[in-house]
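Nothing in this text is a laboratory measurement; each read-out follows from the coordinates by a stated rule. This structure is a prediction, so every number in the text was calculated from the model and none was measured. With ideal geometry, Cβ positions are generated from the backbone for all residues, glycine too; neighbour counts draw on all protein chains shown.
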Ligand SMILES: [Zn+2]
């Protein structure tokens, strides 16, 4: 790629041709999940910029690798994967529908760029930064990695004077936030293109295809595979929307159930979550010193913020960072916050459920326990099929077979009776920051369940050996 990586040649991009077709301008790299990926000139524009390379220092699954050692792939690999699947999807649509959809080179490039850039707004440890850290240091702020991606794209384009069609850039940005905007948005021209990267209509998109397939590569022996390729084969556009062959509803169901399985088993694993809670505490204690949260206001600063922040804390000798450093050291020697127990909220209580807090548990402690709010952490984990309390299949448009041109919705009675009728789980977990308090916190947690539901809803008792843990001296 050396020829193009010099001066302005890198930054100029004539949008008139379809670089995928021209092998002179593309490069082949091998990807673990998707095999050979062709990188084209769209990538030449962005890939060599450090900003995208910083995605290499963001682990796709945050701290999951602390429990599943194979889960070390980066957001960079994911972005390449989404880029590749997005280009595959749009090319298939072009092939299946011939000229009727009017898919042009402009559209193909737009979808590919959206795939490549959709996650540039992520912070350290991905979702942890957004969901756990920021709300605690900048409460009330409305911030999302999708919106940050838009700011970062503007920054990259300005900073490197990338000569790119402003209309194309606008569409790329709209595609990236399409999943947040959902169905309410008025229908755009070629709306079906917005279904590809971040689908707001029904949640079937290549972003999920990639992260699920990547996770299955590491964990395929634990969780049954879902095959994105099969779904992509049956895509068809009707009324400006990507629809799927009715026969494939089980494949779609598998997409959402695999995602839920991965959440339960891997992404939300009790130990992964315990380590995450510690890293969040460490970042909060280091926030003042490094001004971490303030960096979301400044794209020029933000790109430098990645998972290596933990190393910076650990190797600093600054007095201000002592508490934070101690937490990281505890993680290193596996002296982690203790998971005490969990229960699933009973089905009949799901409707009016409100999040359980540390305060709720403190109020349920035995009189001799002396727990205070600092000792207890409660997490409320929602696991669903990407449609909240609703059946995900209800949001999807199908078609009967390749001879029919009508959209249809599947009725409950027509589909397999083995599929679930409840689509959401709410799991309440309790942790303690101090290992020696496992017994007292577990007891308070049981009391809370009895007080709230009239019975213990947890499946297992807290193991006896956990109750005798002591704080490990350094
Ligand atoms: Zn993504």
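The table below lists the values:
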read-out	value
Theoretical ellipticity at 222 nm over the chain - DSSP helices of four or more residues, -39500 (n - 2.57) apiece, nearest 500	-12000 deg cm²/dmol
Gained length - residue 405 relative to residue 188, 0.36 nm times residue gap less alpha-carbon distance	76.0 nm
Efficiency of FRET between residue 92 and residue 316 - r from beta-carbon atoms, R0 51 angstrom, step 0.05	0.50
Ranked list, fewest to most other Cβ atoms within 10 Å of each Cβ, for 73, 460	460, 73
Sorted by Cβ neighbour density within 10 Å, fewest at the top, the residues 189, 446	189, 446
Förster radius 30 Å - calculated FRET efficiency between residue 334 and residue 217 (Cβ-Cβ, nearest 0.05)	0.70
Computed Kirkwood radius, in angstrom, where 1/r is averaged over Cα pairs of the stretch 336-474	17.7
Label zone at residue 451, where the point sits 7 Å out along the Cα-to-Cβ direction: the stretch 376-414 residues whose backbone N lies under 20 Å	376-381
Degrees separating the helix 438-453 axis from the principal Cα axis of the chain, which is the longest one	80
Global size of the stretch 141-265 as Cα Rg and Dmax, reported in angstrom	16.7, 49
Fewest-first ranking of 416, 74, 367, using other Cβ atoms within 10 Å as the exposure measure	367, 416, 74
Rounded to 10°, Cα long-axis angle of helix 206-219 versus longest principal axis of the chain	50
With 10 Å bins from 0: P(r) over the chain, alpha-carbon pairs, percent	4, 18, 27, 25, 16, 8, 2, 0
Gained length - residue 28 relative to residue 351, 0.36 nm times residue gap less alpha-carbon distance	111.2 nm
Inter-label distance for residue 72 and residue 163, nm, one decimal - labels placed 7 Å from Cα along Cα-to-Cβ	4.2
